[in-house]
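The values are calculated or read from the model by the stated rules, or taken from the named source; none is laboratory data. Bear in mind the structure is a predicted one, so any value in this text is a computation, not a measurement. Glycine also receives a Cβ, built like all others from the backbone with ideal geometry; neighbour counts cover every protein chain displayed. Just the protein is used for accessible areas: all its heavy atoms, side chains included, with ligands, DNA and RNA removed. Shrake-Rupley method; radii C 1.70, N 1.55, O 1.52, S 1.80 Å.
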Amino acid sequence: MQARTLKRTLTAVSVTILAAASAYAAPSTLIYINSSSGALYSYDASAAYAESLVNPSTGAFSISSGPQGNTLYVQSGSGSLSTYNLLSNVQTNVGGSVPGNALGEGRDGLLYAGSGVGLYSVNPLNGNSTFVGNGSYGYAGDIAVDPTDLTAMYGAVSTGNGVALALVNKSTGSQSLVGLFGVTGDIFGLGFSLDGTLYAAGPGGGSGAGSIYTIDKTTGAATQVRSLNYQPYDMATQPFERNEVPEPATMALLGMALAGLGLSMRRRKP
């Protein structure tokens, strides 16, 4: 009898912990893309990349995820930085002067920008930029750090053979080529889902058209997953941070369940 009771109780413990873990599971990836006209769109990666117009005119030249939740960081054509709150749709000027055409998250509290072959770190609180170092190739359009490997910063760079994926050293700015995207024209946007899937935005082969791609991080090869009826300028992804059950919380759940098991066994003991 006690063995059956223990089995049922341990099963209940497992269900409780799994249910708690599911409650904290990462939400689906939303891809944000700003068009050449300054409009901001979102795409739900879990719903066949369904398109929604977020704002018809943000004035964005480049956009990025960043350390502040539910927020996009917007680089205007003049280089000034602003934040865009995705919950309230309020855009707030930060200031500063962000160089270049590649703006992306660092997942270390900073943003990073590529200008020519140079890499810059950007303070998201004031928009001020600091030169890091030069790479071998000019930035084609974006930078992003893999949330499953925070040492892996990727950039879209221009080579003599076409636009390619490169690994970028955040400390020195040096670059290591991964491989060509295999698309005609530039890749303007890069962004990660929390499971490490790398997305890109770029040309679609038609006049004024674009595409969303998934990128093979080991080869750089791009696979089209959705066509767009406008020219994309940049990409960012949300959510930015993982939302997992912390280890202490899991252990607390287990402790409470086991305590309940002990109480139950004591009540049944003759």
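Observations
- For the range 26-174, the share of accessible area belonging to carbon and sulfur comes to 48 percent (1.4 Å probe, ligands and nucleic acids excluded).
- A simple count of charges around residue 50, restricted to other residues whose Cβ falls under 10 Å of its Cβ and scoring Lys, Arg +1 and Asp, Glu -1, yields -1.
- The candidates 71, 197, arranged from most to least accessible area with a 1.4 Å probe in the full protein assembly, appear as 197, 71.
- In loop segments of the range 21-122 as defined by DSSP, there are no chymotrypsin sites (Phe, Trp or Tyr not before Pro) with at most 11 further C-beta atoms inside 10 Å of their C-beta.
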